[in-house]
1. With the checklist (1) touching a residue at least 24 places away in the same chain (Cβ under 8 Å); (2) acidic (D, E); (3) out of contact with any strand residue (DSSP E or B) (no Cβ under 9 Å at 6 or more places or on another chain) in hand, flag the one item E571 doesn't pass.
2. Given the condition without any contact (Cβ under 8 Å) to a residue 40 or more places away in the chain and surrounded by fewer than 20 Cβ atoms within 10 Å (Cβ to Cβ), answer yes or no: does some residue in segment 460-481 qualify?
3. So is G227 buried (at least 17 other Cβ atoms within 10 Å of the Cβ), in contact with a Leu (Cβ under 7 Å, 6 or more places away or on another chain) and outside the structural domain of R363 (by TED's automatic domain parsing) or not?
4. Select from segment 541-593 the residues that are farther than 27 Å from E521 by Cβ and among the small types (G, A, S) and list them in ascending order.
5. Taking segment 612-631 as the region of interest, how many residues are surrounded by 14 or more Cβ atoms within 10 Å (Cβ to Cβ) and not in a loop (DSSP other than H, G, I, E, B)?
6. Please list, ordered by residue number, the strands (runs of 3 or more DSSP E) wholly in segment 460-518 having 3 or more residues that are in contact with a helix residue (DSSP H, G or I) (Cβ under 9 Å, 6 or more places away or on another chain).
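The values are calculated or read from the model by the stated rules, or taken from the named source; none is laboratory data. Since the structure is predicted, the reported quantities are computational estimates derived from the model, not experimental observations. Don't worry about glycine lacking a Cβ; one is built from the backbone with ideal geometry, like all the others, and counts go over all protein chains shown.
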Amino acid sequence: MPQRKVRERSWVEIDLSAFRANLQALKRFLRPGQGFIQIVKADAYGHGAGEISRVAISEGAAALGVANLEEGKLLRIQGCKEIIIILSPSLPDEIPGILEYGLQPTLADPAFARKLDSMAAERGVSCQAQLKFDSGMHRSGALEEEFGELWNLCRKLKNVDVTGVFSHFAAGENDLDFSQRQERKFSSILKKYGIDLPFTHLANSAALVNGLGQSANYARLGILSYGVYTHPSQREKIALKPVMTFKSTVSQLKNLPKGAPVGYNLTWIAPRKTRCAIVPVGYADGYDFLLSNRGAVSLHGILCPVIGKVSMDMLCVDVSAVPEAKLGDEVILLGGSCDELRVEIISALYGGSPYELLCQVGRRAKRFYYESGRLVTSAPLARRDFVSSDFSDSKLNTIIQSAIAQRVESEELGELISREILRQFFYNKDREIHYRRNFVHHIRFAESGIEGYWRAFTTLSFDKILAGDFFIVACANSENTLKTYFKRRDVEYRWLMDDNFHLDSESFRLSSVRVNGCKLETAVHFQGGCMEIRCSHPDLKDFVGKEVSFHIDTETLYPKNSHQLSVFVTELTQGVKIGFSHPASLAGIECVTVFSGQNKYPRLIRSATSITVSTKAGEWVFPQSGVVFAY
């Protein structure tokens, strides 16, 4: 990978091409017709679950494996739509999130399975899940004498769809005899209960290269896909490339005399005149404390030993062998092309786990992703992407305001936008924010036969989440009276009548109102100088909380001497089309648009008898936008 010009205190480079090559090498061990599940738990072993998942899916991964709800939720928020399996046992309190984000939990306990089924039924959904069989590791999963009860129960649950059964090898990399006994148990369970499901999986990547897991139709690819060997024998069977490289920079150089101590508790004494470098990385960054006086780093391609204790925020390195070393030089702490800096070699220096070291590396480091030697993206310092539900309302408000201020490069403008524009949407945390989509409003003027008045036919359609089992259409001949109806959430349409007319069903008629094609019942009620038309139907209760299509048609009279017709967008709306058809006698109509949102200048199409104002389907339009047709 090319060296970066800008230096951080520390950073992590992820070589996605190396990851892809490792997957391709591992896939050669799959039997014909066998697929793979990519394990991305613990943020893909510290590599970044989002980017790793993207590459794995492009290489044919049928599903992704995570450890808990939060990991699966984050992948969904990042846009992942593939199957996500929670491999560890879930908690009852996590069931609502599992259902909301469409994750597949692992079932090993009948009580949890019943709870999952019950909560899915309450929400009117079905949940896919997988069963885990304990074939001998004796960690999670149902024991052989328990599995029959679990299987028979789950098959009968109406709202849980079992898609797979799996188990896990305890020592797939180094104990072939025990692993084969586990596999025989797994195979016998599948045969005993006649299990034929989309997913059966047993082998992790280490077991796969040892020829295990052939009785299942999937294998789970984990640590080997990240280029880390878990047993020396694997080197002879498969060539793996390290995917992660942990780097830092030289922040200080100094010359120490013979006999000078280094670090806390004076654990290293200079045996000779020594040139040392300070590297601004310590155990708080994930460089393990147990590498004190054991570890090494690469500087100008030369291995340099870590001397003294690793501190919280820095370590000291003997660079006497690199006389050309200078401030700002790149230091490789782990990974890269140097075999001595492979994760499994470094962790072995202190009897540690390569899994643990990978997960803790770069806690304060930004990640940079490369593919074919080209930088494709980066990830922030925090090891978790921004998820709004992590924060309280007050904290979230501060974050939003700060982000806007940074984007517009002004604290004052950021505060103004946050306070004046966003406040109308967030002023009450209990208020649900619904918006309209595909808003189409067409008004047609025709001769009415009544002197001084047009016959106005209006057609309104839009998509929106239905808030209740009824809604109101309001008509008033006083602007002040009608204003009160703009604040009501149950009002979907408002019309201002000429004050010369008495409000009744002859002067303003709701000719048709439908929701999802269902014709609604209407009831007229007069309240405070306004005609309220209540629109309802017994079937609407089935649509509450769901997006539906509204269609409202009205017929009324409109004064010719008004000389203008106004149409306003009263709610946050995505995609607007407003049309006005008129007799040819109305010539020279001016069209004034007042739009705020993504585009202040909507498209305008004219003909001899019509004008249409429209935005693109995906463009947002803010409330109080509108059109004035002046004639």
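1. With respect to (1) touching a residue at least 24 places away in the same chain (Cβ under 8 Å); (2) acidic (D, E); (3) out of contact with any strand residue (DSSP E or B) (no Cβ under 9 Å at 6 or more places or on another chain), E571 is out only on (3).
2. yes
3. Values: buried (at least 17 other Cβ atoms within 10 Å of the Cβ): yes; in contact with a Leu (Cβ under 7 Å, 6 or more places away or on another chain): yes; outside the structural domain of R363 (by TED's automatic domain parsing): yes.
When the stated conditions are applied, G227 passes them.
4. If the condition is that a residue be farther than 27 Å from E521 by Cβ and among the small types (G, A, S), then S562, S566, G575, G579, S581, A584, S585, A587, G588 are the ones that fit.
5. Selection size over segment 612-631: 10.
6. Numbers: elements: 470-476, 491-496, 508-515.
Ranges flagged: 470-476, 491-496.
Every residue, every condition in (1) touching a Pro at 6+ places or on another chain (Cβ under 7 Å); (2) at pLDDT 85 or above; (3) among the polar types (S, T, N, Q); (4) in the same structural domain as F580 (by TED's automatic domain parsing), yes or no:
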residue: S418; (1), (2), (3), (4): no, no, yes, no
residue: I465; (1), (2), (3), (4): no, yes, no, yes
residue: F471; (1), (2), (3), (4): no, yes, no, yes
residue: T484; (1), (2), (3), (4): no, no, yes, yes
residue: R494; (1), (2), (3), (4): no, yes, no, yes
residue: F501; (1), (2), (3), (4): no, no, no, yes
residue: D504; (1), (2), (3), (4): no, no, no, yes
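Condition check ((1) of a type in the set (D, E); (2) at positive phi; (3) assigned to a loop (DSSP other than H, G, I, E, B)) across all residues:
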position	(1), (2), (3)
L240	no, no, yes
F246	no, no, no
N265	no, yes, no
C276	no, no, no
